[in-house]
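Below you'll find the structure, written out as structure tokens, and then a few comments.
Each value in this text was obtained by applying a stated rule to the coordinates, not by laboratory testing. Everything quoted here is computed from the prediction, not taken from an experiment. Cβ atoms come from the backbone with ideal geometry, glycine included; neighbour counts cover every protein chain shown.
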Amino acid sequence: MNQPFACILTIALLVGTSLRAQEPVPGGLEAEAQGTAQPSPLGARQQRIKRLLNDLEGKFGELATKLEEEQPEQAEKLKEAFVQSKELLLMQRMDEITTLLDAAKLESATDEQTQIVSDLKALIDLLLYEEDEYERLQKEIERLEKWKEALDGLIQEESELQEESEILEDPEQAKAALDAQIQKAKDLVKKQEELLEKTEENDGSNVDATDELADAQAALQKETEALAEELASSEDASQSAESAQQQASQSLSQAAQQQRQAEQQLGQGKPKEASSAEKEALAEMQKAVDALEKERQRLENQDAEETSKELAQQQSEAAAEAEELGDEMAEAGEPQEGEASPAESVQNAQQQMNQAAQQLGQNEPGKAAENQERALEELNEAREEVERQLNELRDQAQQEQIARLEEVFVKMLERQRLVTGGTKGVAERRGGDENRLRRADRIQLRELAKEERGLEEDAKAAEQLLVDDGTSVVFRDIVGFLQQEISNVAAMMERQRTGMLVQQAHLEIEATLQELIAALENSGAGQQQQQQQQPPQEGQQQQQQRQSLFPPLAEIKLLKFTQERINRQTLALERAGQQAGVEDLLQDRFDATADMQDKLTNMARQVATQWQPTMTQEDPNAID
């Protein structure tokens, strides 16, 4: 046993001693009434506990120092426990307890001892806590997401610097390319102005003329979209949303949407409405021209030497950011065998960026652009590797989460079966008389109700896991239903009810747990099979399928099961309504069932909306 756990046992001993110190002594109550303040055996025992705790606090720091290198996590726990112990003021409070005990104020001393026992147990929990696999994976995912975001920023920044370096290398070519784009945009503006004039002259009476305008607008819309795509993919355009080409591209895309709307309205014989859309398109097209001309003016007035110095400074700053990120990645540890090293790629990029900064400082933008290109290649390679590791960890985290949930529900089912059996036994001994309950049965029912409340807490914890996951449409809410149902039945048991409504609720809770366990088992196996069989996918659909904890088919099956459960509850309530003595329970049960039905309907709509694109890929006959 290592030293931290020896500390834990010592604390446990202190807890037990504190509990024993609360035992009253003969004449204690009489002494408390008299308010005497003489040293007492209990006070002496309390002081002995204080000395033990004082020795333990002294060992926290000593042990932490020894464990710093070999077991840094354990050392950190000991330090945290020491700080927490000091913050709890345990020594001062134990002195106060001693004073109360010596004064024979046992009731007041016991209250404070109870609080200290609770605080000591919290210290035990702190030292015993071990981070589980799911928590470890989540921390890794958060770290990789942070790296990915930093890499995205560096890639964008380096792309913009490379663009500026290329412009400095051959400003005349950059101006010529920009002039050509400006002219194309102006030509489109002129065509749209001419088309707008003809549209405003058209009153809609000549169908053929209106159709010709619609065809002309459709052709112009295609030209506008083509120029928008050209600007977005231009070699001289950075990926920054703030670049002139990107701004112009976005304006032209907006114009194309208005042009499409104008075409549709002309096709419907509505030239007045079409002219309004054409005016909006024209305004967006003019924005594109203005953005490009502004950029052209900037290039014309640009001082090459001064701009090169400014770029050198910006490049140095970007290199410093890359160095910081590379060091952080390297400190995280070496990659596993067969894996690329994103840290090495970032460090290589940083070297290229430093060289580019030097070359820009020497007014050699062409050479700088070559180094910037190599830096971008390294940064993109690092990003691809980080993205690959992210996807792998997310898959592992989901499998771990499924396993955790399954374990929780299996244990809940075992405990619920014990509660179900115990409650049924109490009901049988009552012989159907809700007013007849022996003292032993009353005590047992109280304990069973406490156990049911414990299950409610487990359900809340499981629901929180699904809230944190954020991908389940149905599973999370059904676990929420389960938690509410457990709470409802616990409340009935606390009111000493054991009849048909309670027993039926227990059986439904068991059935729900069994269904959730089956869904988790199928989901875990299904995800692994899907990963093996499906080829790699790109885009948003891949992101959705990879991150969703449960496939749509599993969620729809849960919807079907829950609807069947509501149907059974409705029938059970109808039968219960024919019995006497349950009137006070029926309305609450009816309200809960109606609420569940309403939420189920909303869930079905949400599933239909979210999973419509993927449902065509699954077998609809599988929902049985």
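Using the Cβ-Cβ distance between Asp327 and Ala461 with R0 set to 51 Å, the FRET efficiency works out to roughly 0.85. Summarising the label geometry, the points placed 7 Å from Cα in the beta-carbon direction at Arg298 and Arg51 lie 7.8 nm from one another.
A simple charge model with +1 on the Cβ of Lys and Arg, -1 on the Cβ of Asp and Glu and nothing else charged puts the dipole of region 170-302 at about 280 debye relative to its Cα centre. Packing order of peptides 185-191, 279-285, highest average first: 279-285, 185-191 (average count of other Cβ atoms within 10 Å over each peptide's residues).
Charge tally for Ala340 (other residues, Cβ to Cβ under 9 Å; Lys, Arg +1; Asp, Glu -1): -4. Neighbours of Arg575, meaning other residues whose beta-carbon lies under 13 angstrom from its beta-carbon, give a summed charge of +1 when Lys and Arg score +1 and Asp and Glu score -1.
Fully extending the segment from Gln156 to Gln115 would add 9.2 nm, taking 0.36 nm per residue of separation and subtracting the current Cα-Cα distance. Between Glu339 and Ser205, the FRET efficiency from the beta-carbon distance, with R0 = 56 Å, is close to 0.20. Fully extending the segment from Ala283 to Arg374 would add 28.7 nm, taking 0.36 nm per residue of separation and subtracting the current Cα-Cα distance.
3J(HN,Hα) along region 255-264: 4, 4, 5, 5, 5, 4, 5, 5, 4, 4 Hz, from the Karplus curve 6.51 cos²θ - 1.76 cosθ + 1.60 with θ = phi - 60°, whole Hz, x for Gly and Pro. Estimated from the Cβ-Cβ distance and a Förster radius of 60 angstrom, the FRET efficiency linking Glu107 and Met500 is about 0.85. Residue separation of Glu193 and Ala218 scaled by 0.36 nm, minus their Cα-Cα distance, works out to 7.5 nm of gained length. Please give me the summed charge of the neighbours of Gln258: other residues whose Cβ is under 13 Å from its Cβ, Lys and Arg +1, Asp and Glu -1. Computed value for this residue: -3.
What residues from region 341-365 fall in the zone where the backbone N is under 17 Å from a label point 7 Å along the Cα-to-C-beta line of Gln313? Counting backbone N atoms under 17 Å from the label point, the list is 357-363. Placing unit charges on each Cβ (+1 for Lys and Arg, -1 for Asp and Glu) gives region 345-390 a dipole about its Cα centre, and among Gln359, Ala349, Ala375 the Cα reaching farthest toward its positive end belongs to Gln359.
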